[in-house]
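Chemist: This is the structure, below, for whatever I ask next.
The values are calculated or read from the model by the stated rules, or taken from the named source; none is laboratory data. Note that this is a predicted model, so its numbers are computed, not measured. Ideal geometry is used to build each Cβ from the backbone, glycine not excepted, and the neighbour counts take in all protein chains shown. The protein model used for the area step is the full one, side chains on, heavy atoms only, and it has no ligands, DNA or RNA in it. Shrake-Rupley method; radii C 1.70, N 1.55, O 1.52, S 1.80 Å.
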Amino acid sequence: MQLDNILYEESTYGTITLNRADKRNAISREMALQLSELLDRLKDEPPKFLVIKSAGEKVFCSGGDLTELHGDLDEDEAFKRLSPMREVLYKIVTFPVPVIALLQGNAFGGGCELATACDIRIARENTKFGFIQSNLGILPGWGGGAILFKKVHPTFAIQWIAEGAIFPASYLQTKGWLHHIVSEDEWHDEAEILKAYTNKSIEQLKYVKKQLLNALDITNLKNDMDEESRKSAYLWPSEEHKLAVQQFLNK
C-alpha cells in the first residue's frame, strides 16, 4: 500500500517505510496524519509485529519538516502543529504488538523521539543519534522526552535531553536505548535481523507487549507527553529558538 510519502507492506509482519529520502525523511503534517490513520487501521487486526524503517542510506528521520515547523510560529500554532505526531508516538507506544525501529541511518530531534516510541531499536553500525532539541532552544515537541524517561534510566534521559548530545550507536547500546547493532555487511539481510521475532507467534508477541506496557506504567504517559509538548510550544516563539532555527537553515 502506498500513502504518498509512506509505504506499508505486510507479509509475516507489517512494515511502515518513511519514503522521503530527499527530505531526510522529515515528517510533514500530511505524513503524520497518514501514519495516524494507518496505525488506527492496523491496531484491531495487527500483524505479528510492526517494523518502522526509512528509505535512503544516511538518515532514518531528521525530525519535523522545518517548512511547517519553522521558527515564526506562535505558541498556539506550534502546539497545534506538534499534536499529530504526538498522537502517532502514543499510538506506537500502545500498539498491541511489538514495534521495531530499523535505524539504517542517523536520527536527530524528532527522529529520536520516533525511534524511542518503538519498543525495540536496531541500528546499523556507525550511526549516530541525538535528542538535540535543547540546542534549538526548545524541548522534545512530540512528547518523546517523556517516553525516553520510561525507556532508559532517568539519569541518562535527563543528561541526553539537557545536553542535547549526539551519541554513537555503540554508546547508546551500553545505555539500553539500542538493543542491537548490525554490521554494514549484514544490514541488508532483513530476514536474518528479524528472525528471532518472525519465529514467534502473534500470541506470544502480544503478551510480551502487554507485559512491557504494565512494566512501564503508562497510566500518566499521555498527560506527560502533552505537558512536554505544551512546554516546547511555549518556548517556540523565543528568540533563542528563532536564532537556532535560522542558523540551522543557513548551513
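Chemist: I'd like the full set of residues that are farther than 18 Å from PHE248 by Cβ and of a type in the set (A, V, I, L, M), limited to region 54-81.
Modeler: Selection gives ALA55 alone.
Chemist: Looking at the structure I just gave you, is ASP72 closer than 16 Å to TRP236 by Cα, charged (D, E, K, R) and in contact with a strand residue (DSSP E or B) (Cβ under 7 Å, 6 or more places away or on another chain)? Break it down stepwise before answering.
Modeler: Numbers: closer than 16 Å to TRP236 by Cα: yes; charged (D, E, K, R): yes; in contact with a strand residue (DSSP E or B) (Cβ under 7 Å, 6 or more places away or on another chain): no.
So ASP72 does not fit the description; no.
Chemist: Hey, another quick one. Within region 163-197, which residues are in contact with a helix residue (DSSP H, G or I) (Cβ under 6 Å, 6 or more places away or on another chain) and either assigned to a helix (DSSP H, G or I) or of a type in the set (Asp, Glu) (or both)?
Modeler: Selection gives nothing.
Chemist: Mind counting the residues in region 205-247 that are open to solvent by 60 Å² or more (accessible area, probe 1.4 Å) and farther than 22 Å from LYS91 by Cβ?
Modeler: Selection size over region 205-247: 7.
Chemist: Of all residues in region 136-162, which are open to solvent by less than 20 Å² (accessible area, probe 1.4 Å), touching a residue at least 40 places away in the same chain (Cβ under 8 Å) and in a loop (DSSP other than H, G, I, E, B)?
Modeler: Once the filter is applied, which keeps residues that are open to solvent by less than 20 Å² (accessible area, probe 1.4 Å), touching a residue at least 40 places away in the same chain (Cβ under 8 Å) and in a loop (DSSP other than H, G, I, E, B), region 136-162 yields ILE138, PRO140, GLY141, TRP142, GLY143.
Chemist: Of ILE100, ILE92, ILE122, which residue is closer than 24 Å to TYR13 by Cβ, without any contact (Cβ under 8 Å) to a residue 60 or more places away in the chain, surrounded by fewer than 24 Cβ atoms within 10 Å (Cβ to Cβ) and of a type in the set (A, V, I, L, M)? Can you show your working first?
Modeler: Details: ILE100 fails: without any contact (Cβ under 8 Å) to a residue 60 or more places away in the chain; ILE122 fails: without any contact (Cβ under 8 Å) to a residue 60 or more places away in the chain.
From the options ILE100, ILE92, ILE122, the qualifying one is ILE92.
Chemist: Looking at (1) farther than 23 Å from ILE166 by Cβ; (2) open to solvent by less than 20 Å² (accessible area, probe 1.4 Å); (3) aliphatic (A, V, I, L, M), which is the only condition LEU33 fails?
Modeler: Unmet for LEU33, out of (1) farther than 23 Å from ILE166 by Cβ; (2) open to solvent by less than 20 Å² (accessible area, probe 1.4 Å); (3) aliphatic (A, V, I, L, M): (2).
Chemist: Another question, then. Take the conditions at negative phi, within 16 Å of the chain's Cα centre (by Cα) and not β-branched (Val, Ile, Thr) and apply them to LEU35. Does it pass? Step through it out loud before you land on a result.
Modeler: Details: at negative phi: yes; within 16 Å of the chain's Cα centre (by Cα): yes; not β-branched (Val, Ile, Thr): yes.
Judged against the criteria, LEU35 is a match.
Chemist: Tell me which of these LYS175 doesn't satisfy, since it passes every other one: (1) surrounded by 14 or more Cβ atoms within 10 Å (Cβ to Cβ); (2) of a type outside the set (Asp, Glu); (3) modelled with pLDDT under 95.
Modeler: Unmet condition: (3).
Chemist: Could you tell me whether ILE166 is touching a residue at least 24 places away in the same chain (Cβ under 8 Å), open to solvent by 80 Å² or more (accessible area, probe 1.4 Å) and under 18 Å from SER134 (Cβ atoms)? Give the steps one after another, and end with the answer.
Modeler: Numbers: touching a residue at least 24 places away in the same chain (Cβ under 8 Å): yes; open to solvent by 80 Å² or more (accessible area, probe 1.4 Å): yes; under 18 Å from SER134 (Cβ atoms): yes.
Yes.
Chemist: Shifting gears a bit: Taking the options GLU57, GLU75, GLU45, GLU68, name whichever one is open to solvent by 40 Å² or more (accessible area, probe 1.4 Å), within 17 Å of THR94 (Cβ to Cβ) and more than 14 Å from the chain's Cα centre (by Cα).
Modeler: GLU45
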